[in-house]
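The structure appears right after this line, and notes come after that.
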Amino acid sequence: MNRYKYYLLPFLFSLITLASFAQDDDDKDDDDDDDTSTSKHKLTDDNKKNYFVFSARASVTVPHAVANSSFRKSFVGIYSAEGGLDIMIYKGLFIGGSGSNSFMKIPPNKISKIAAKMEIDNAAGKIGGDFFLGERNRIIFSTAFSVGQNWTHYYGLYAADPHKGVAVTSYTTTYYQPEVNLYFLVDDNMAVGANVSYIIYDHVFDPYELSLNDWAPFNSPPIAGNTQCVNFGITFYYNFLRKKRF
């Protein structure tokens with residue numbers, strides 16, 4: 001876990017810093033506004049929070065292999081695209097579902113003699129919460145936890161011995177995904193922001209099953225551990241069907 005904090009801590013620090021500056025700007029705007037001024041955005045001039053029944057959310061991130069060590073040694077992320085629909089059930093608490101598609105690859109600086117790719121498809125249910133920050137409710141800190149099904153396929157794998165073949169070219173498993181988002185409202189029902197998530201697949205990455213040991217040295221047996229990724233990127237959502245304001 002000590003290794004992973006070097007990915008997570010700088011990003012979380014950036015989120016907190018952005019929120020702090022945004023909140024300071026909101027306070028400054030409040031000082032400058034008078035009774036006759038018009039808000040730049042249609043956002044809760046009466047300091048009430050807007051809640052909506054449905055929210056469509058999407059994110060584009062880059063996955064980074066963090067566990068196990070053989071997985072880190074082999075693959076790097078290309079992209080991950082996720083979309084979903086959530087239902088607000090009470091004052092920011094929501095449930096919903098999402099799906100995602102991701103690609104990772106083996107670059108030449110990892111293993112030079114093979115250019116394999118890894119496609120990851122996920123579908124999950126989630127539960128989470130949206131929490132307003134700042135005096136004018138223009139910033140939302142959102143957190144969620146997802147549990148779902150994963151389908152992983154490998155492309156371009158082959159063994160040095162053509163008669164040997166590759167033991168595993170695809171698998172299906174369960175995965176778990178905690179995530180945090182920091183949204184900045186650009187309208188009363190639309191926001192953009194930053195996303196970080198940590199994905200744990202219930203599958204042990206084994207380079208020997210993929211015949212990667214034919215092309216690069218690995219520990220024998222390899223260090224065991226579930227396949228895990230941390231994702232960083234941008235996110236946005238659009239809300240519709242307004243609920244009661246609080």
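Below is a table of values for the structure above.
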quantity: Candidate set: segment 74-112, residues that are free of Cβ contacts under 8 Å to residues at least 24 places away in the same chain and closer than 20 Å to V53 by Cα; chosen: the one surrounded by the fewest Cβ atoms within 10 Å (Cβ to Cβ); calculated: Y90
quantity: Test result for F131, aromatic (F, W, Y), over 16 Å from G97 (Cα atoms), within 19 Å of the chain's Cα centre (by Cα) and surrounded by fewer than 22 Cβ atoms within 10 Å (Cβ to Cβ); calculated: yes
quantity: Any hit, segment 29-52, residues being modelled with pLDDT of 50 or more, assigned to a strand (DSSP E or B) and either within 26 Å of the chain's Cα centre (by Cα) or more than 24 Å from T227 (Cα to Cα) (or both); calculated: yes
quantity: Where a residue in segment 198-215 is free of Cβ contacts under 8 Å to residues at least 12 places away in the same chain and its partner, wherever it lies, is surrounded by fewer than 17 Cβ atoms within 10 Å (Cβ to Cβ), with Cβ under 8 Å and at least six apart; calculated: N213/S220
quantity: E135 being assigned to a loop (DSSP other than H, G, I, E, B), over 29 Å from A56 (Cα atoms) and of a type outside the set (A, V, I, L, M); calculated: no
quantity: Test for G125: is it assigned to a strand (DSSP E or B), touching a strand residue (DSSP E or B) at 6+ places or on another chain (Cβ under 9 Å), farther than 21 Å from V66 by Cα and among the small types (G, A, S); calculated: yes
quantity: Residues of segment 189-230 satisfying the condition of being part of a strand (DSSP E or B) and in contact with an Asp or Glu (Cβ under 8 Å, 6 or more places away or on another chain); calculated: N195, V196, S197, Y198, N226
quantity: Residue in segment 145-165 that is closer than 30 Å to Y208 by Cβ and β-branched (V, I, T) present; calculated: yes
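The values are calculated or read from the model by the stated rules, or taken from the named source; none is laboratory data. Since we're looking at a predicted model, the values are computed, not measured. Positions of Cβ are backbone-derived with ideal geometry, glycine not excepted, and every protein chain shown enters the neighbour counts.
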